């Protein structure tokens, strides 16, 4: 009886869960199947979901399915976290959720300032969503939608459009146009198109930076994993057919975790800075 309780106590240990997760990552050597790097959500895509244009090096046929999976996961996570909320947290999950959300709101609220802190939800939502999308590709059998240029271009455009909507709301349409027209007023016919091009460049820089880093990380993991398979195949011939999976991708895995966090952070941080530039300009007019 005592031995059974000890075994049960060991299985409840979070360290065992971490070990099992790493072991699963090692055993599932390829993060996607060989046919077009399809993910485990291929069956969802085949139900009739639209797919991105084909013929690109970063083509992900299951991009939309993976995105919907993250959306469903976040809805479930926050639904469970907000259920039976207490004024003083009584569960570790609620405590952890409040710490994370509080940090995000306070950090980006400090950048946005007193006047722009009300838009922390906009930037914070970007951070959480992009972070989960980045990390999804690190799980064997899934893909990071942010490793597809279609996703990051949409994020960049929505961020820039959202920033301009916030500027119009706070400063008014006249002051917003004045911001684009620039000073002195008689050079406005030159400054206005330059500002418009600058907004397009902002969206492009946000999109390309996020896509390039996440796509590069996934490509490196895939190539190193393939190297591990070749090495395991070579060793199996020397060991009489015994297959020994070699987790050569594990070191780069932790580097990609850091990279995924930084890319979500940089995207949200730059969006905050763009909001501040418009709000500060509006304060000058006021």
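The values are calculated or read from the model by the stated rules, or taken from the named source; none is laboratory data. This structure is a prediction, so every number in the text was calculated from the model and none was measured. Please note: Cβ atoms are built from the backbone with ideal geometry, for glycine as well, and neighbour counts cover all protein chains shown.
Of all residues being farther than 25 Å from residue 201 by Cβ and in a helix (DSSP H, G or I) in region 132-171, which is nearest to the chain's Cα centre (by Cα)? Just the residue, please.
132
Filter region 232-275 for residues that are at pLDDT below 90, surrounded by 12 or more Cβ atoms within 10 Å (Cβ to Cβ) and over 16 Å from the mean Cα position of the chain (by Cα) and give the result.
Within region 232-275, 232, 235, 236, 245, 246, 247, 248, 249, 250, 252 qualify.
The rows are residues; the columns are (1) in a helix (DSSP H, G or I); (2) closer than 24 Å to residue 222 by Cα; (3) modelled with pLDDT of 65 or more.
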| residue | (1), (2), (3) |
| --- | --- |
| 31 | no, yes, no |
| 68 | yes, yes, yes |
| 71 | yes, no, yes |
| 74 | yes, no, yes |
| 95 | yes, no, yes |
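Taking residue 217 as meeting all but one of (1) out of contact with any helix residue (DSSP H, G or I) (no Cβ under 9 Å at 6 or more places or on another chain); (2) at pLDDT below 90, write down the number of the exception.
For residue 217, the failing item is (1).
Against the conditions (1) more than 22 Å from residue 157 (Cα to Cα); (2) part of a helix (DSSP H, G or I); (3) modelled with pLDDT under 75, where does residue 281 fall short? Just the number, please.
(1)
Under 19 Å from residue 270 (Cβ atoms) and crowded, with 18+ Cβ neighbours inside 10 Å: which single residue out of 144, 167 fits that description?
Exactly one of 144, 167 is under 19 Å from residue 270 (Cβ atoms) and crowded, with 18+ Cβ neighbours inside 10 Å, namely 167.
Go through region 112-136 residue by residue and tally those that are more than 22 Å from residue 77 (Cα to Cα) and buried (at least 18 other Cβ atoms within 10 Å of the Cβ).
3
Evaluate region 92-111: report whether one residue or more is in contact (Cβ under 8 Å) with a residue 40 or more places away in the chain and over 24 Å from residue 207 (Cβ atoms).
no
Which condition number does residue 89 fail, the rest of (1) in contact with a helix residue (DSSP H, G or I) (Cβ under 6 Å, 6 or more places away or on another chain); (2) in a helix (DSSP H, G or I); (3) over 23 Å from residue 159 (Cα atoms) being met?
Tallying (1) in contact with a helix residue (DSSP H, G or I) (Cβ under 6 Å, 6 or more places away or on another chain); (2) in a helix (DSSP H, G or I); (3) over 23 Å from residue 159 (Cα atoms), residue 89 fails exactly one: (2).
Would you tally the residues in region 49-66 being outside any helix (DSSP H, G or I) and either at pLDDT 75 or above or in contact with a helix residue (DSSP H, G or I) (Cβ under 9 Å, 6 or more places away or on another chain) (or both)?
11
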